Amino acid sequence: QVQLVESGGGLVQPGGSLRLSCAASVSIFSIARMGWYRQAPGKQRELVANITRGGSTNYQDAVKGRFTISRDIAKKTVYLQMNSLKPEDTAVYYCCADTRINVYWGQGTEDTVSS
């Protein structure tokens, strides 16, 4: 069982930045891949970025160059640094942990980009 606790969401103006954190209850080395997904109102949940156990990263085209996924192994935490935010980035952001046996989700954190 993996528990994920997200933090760092909120309201920000266009062009601003936010950093999301996802703290896992187990060593993130035991997790094959961790990632961030988002779901905007009326839309399906979509992958934003993920990072593998080996440190390889993958990004959705719409966020490349603006968002950065990283991790702190000692803190068992994965981060999503979001810069140059746009109104279309408004969504509930979910942390995800894929152990290859099960997939676990955080509770979600709401991010609103608006002036």
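Values in this text are rule-based calculations from the coordinates and carry no lab data. Small disclaimer: the values here were computed from a predicted structure and weren't measured. For neighbour counting, all protein chains shown are included, and Cβ atoms are generated from backbone atoms with ideal geometry for every residue, glycine included.
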For the stretch 1-110, which strands (runs of 3 or more DSSP E) that fit wholly inside it have 1 or more residues that are among the β-branched types (Val, Ile, Thr)?
4-7, 10-12, 46-52, 57-59, 67-72, 77-82, 91-98, 103-105
If you check Ala91, Ala74, Ala97, Ala62, which single one turns out to be among the aliphatic types (A, V, I, L, M), farther than 21 Å from Leu11 by Cα and either within 12 Å of the chain's Cα centre (by Cα) or surrounded by 12 or more Cβ atoms within 10 Å (Cβ to Cβ) (or both)?
Ala97
